[in-house]
Amino acid sequence: MKRTLFVLFLIFFMFGLVVMHDNKKRADHTASASNQSGITTGQSAGSLNSSGEKRQVSTVEAPKTGFEDITVESTKDEAADSGKEGIVDQASIDQVMNSSTGLYCYDTMDASLHQLYAELYVVCMQHEENIRVSTTDSDQLEYAFKCMYNDHPEIYWVDGYTYTRHTQGSKILYLTFSGKYTYTANECAQYNQQINGYLSRFLGGISMSASDYDKVKYTYEFLINNTDYVIGSRDNQNILSVMLYGDSVCQGYAKSTQYLLSKLGVKSTMVVGVVGNGEGHAWNLVNIDGAYYYVDTTWGDSSYLGSADGNVNANTVNYNFLNITTDELTKTHSIDNVVPMPYCIETKDNYYVHEGLYITGYDETTFRNIFDSARANGKDFVTFKCMDANVYSEVYNRLIGDQEIFNYLSGGSDNVSYVNSDDTYVFTFWL
């Protein structure tokens, strides 16, 4: 009897293609937005009031997963009146600084800028504009904004900021800051109700007493099973895309992962960098029982992938990017983050290790247990990872070359669909 093995080699390569198109789309969108504004990068001008004070306005877009921030300068032909600028009260700043301890960027950033970080947070949370801040350095402002932005996925209505430089002669007197708001406070109140509904469904599926590992795995699976990767989806740089519309791209996935984990008491942050040939991308750093791991929920979502023969479940979760080390991550990702990232070496809570799916040698009993357990738990696929290239080669020769895979399938099946990756040493078989 002839037995058939359907090989789906392209499934892992398509991740890179999708990410590339995502960022091409984002780059085109950014360029278009800049061109429509009619503002020339690097242009510098201003107006003087009676005291000789000059006002210069600059606009900075929110960081978009590894792309350079766009800074433009233009003239506002209006007199500067320092009496009109607001300030953030110190009590609010102190409260934010106290509550921010434990957030990754806040803890890792230059501590001398904690005050500025807190000021920007308060301004954005309150939809404020034209607020004086505690720096005259635009680079410090950008740095503090990025740190605040990466720490707070709940601030979905901010898409960058503008600042005004007030000068007298060559002296910079002070800067004022305004958030760029995509939604009003009233609109946000309505969206928050929908977010709370999504959050209730999410929290209803797991106990707060669950382990950190189980919380991270649950979040990974919940997001993937309830989100489709759609280029050009609405609000795809924030959590609304995921929680209101069920469609997003990498930054929407990463911010939603961070937001949901925070509700479960698991520390995490968004990480930005590049993949492939320099395409921008976003993923997460998570802390499980004191050890750091990387998680890429976007690359874990196989919902848009399938097979020509229709035997592959399009909703399959790809676990290759659930709790991985720095060495594993940097095979495909390059980190370009606002603050330094830790070197992650722990493997105890890597998905394959934790679940007993890490293969150190070919053993028939081990494979029989893996396949029997998957069927007993109602799964329609089995996935496992080999320790190294030698083990991977041995498993491939036995399961595929010698077709021993059919010894572990039920019902006398004569065909099987599978994926194997020479880069990650991972096999997936559909039952």
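Side notes on the structure shown:
- Filter result for Asn390 (outside the structural domain of Met148 (by TED's automatic domain parsing) and in contact with a Ser or Thr (Cβ under 7 Å, 6 or more places away or on another chain)): no
- Residue-level check: of (1) in a loop (DSSP other than H, G, I, E, B); (2) within 23 Å of Ala282 (Cα to Cα); (3) modelled with pLDDT of 95 or more, Phe67 misses just (3).
- Residues in region 239-253 that are of a type in the set (Gly, Ala, Ser) and surrounded by fewer than 23 Cβ atoms within 10 Å (Cβ to Cβ): Gly246 only.
- Residue satisfying all of: in region 243-253; hydrophobic (A, V, I, L, M, F, W, C) and touching a residue at least 60 places away in the same chain (Cβ under 8 Å); nearest to Asn287 (Cα to Cα) among these: Cys250
- When the residues of region 414-431 are filtered to those that are out of contact with any Asp or Glu (no Cβ under 8 Å at 6 or more places or on another chain) and free of Cβ contacts under 8 Å to residues at least 60 places away in the same chain, the one that is nearest to Lys348 (Cα to Cα) is Phe427.
- Meets criteria (closer than 24 Å to Lys263 by Cβ, polar (S, T, N, Q) and surrounded by fewer than 22 Cβ atoms within 10 Å (Cβ to Cβ)) for Gln140: no
- Qualifying positions in region 110-155 - under 23 Å from Asp336 (Cβ atoms) and of a type in the set (Phe, Trp, Tyr): Tyr117, Tyr143, Phe145, Tyr149
- Boolean, Ile359 is in contact with a Gly (Cβ under 9 Å, 6 or more places away or on another chain) and hydrophobic (A, V, I, L, M, F, W, C): no
Yes or no, residue by residue, for (1) in a strand (DSSP E or B); (2) free of Cβ contacts under 8 Å to residues at least 24 places away in the same chain:
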residue: Leu173; (1), (2): yes, no
residue: Asn192; (1), (2): no, yes
residue: Leu199; (1), (2): no, no
residue: Ile206; (1), (2): no, no
residue: Lys215; (1), (2): no, no
residue: Tyr220; (1), (2): no, no
residue: Gln258; (1), (2): no, no
residue: Gly265; (1), (2): no, no
residue: Val272; (1), (2): yes, no
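Residues checked against (1) in contact with a helix residue (DSSP H, G or I) (Cβ under 8 Å, 6 or more places away or on another chain); (2) over 17 Å from Ser241 (Cβ atoms); (3) at pLDDT 95 or above:
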position: Glu119; (1), (2), (3): yes, yes, yes
position: Asp137; (1), (2), (3): no, yes, yes
position: Cys147; (1), (2), (3): yes, yes, yes
position: Gln168; (1), (2), (3): no, yes, no
position: Ala189; (1), (2), (3): no, yes, yes
position: Val216; (1), (2), (3): yes, yes, yes
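- Top-ranked residue of region 163-178 - restricted to ones that are in contact with an Asp or Glu (Cβ under 7 Å, 6 or more places away or on another chain) and not polar (S, T, N, Q), ranked as nearest to Thr136 (Cα to Cα): Leu173
- Restricted to region 218-238, and to residues there that are of a type in the set (S, T, N, Q) and surrounded by 21 or more Cβ atoms within 10 Å (Cβ to Cβ), the residue that is modelled with the highest pLDDT is Thr219.
- Looking only at region 232-243, residues that are under 15 Å from the mean Cα position of the chain (by Cα) and at negative phi come to 8 in all.
- Only one of the numbered conditions (1) touching a Ser or Thr at 6+ places or on another chain (Cβ under 7 Å); (2) surrounded by 15 or more Cβ atoms within 10 Å (Cβ to Cβ) is not met by Ile370, and that is (1).
The values are calculated or read from the model by the stated rules, or taken from the named source; none is laboratory data. Every value quoted in this text rests on a predicted model; they were computed, and no experiment measured them. We place every Cβ from the backbone using ideal geometry, glycine too, and count neighbours over all the protein chains shown.
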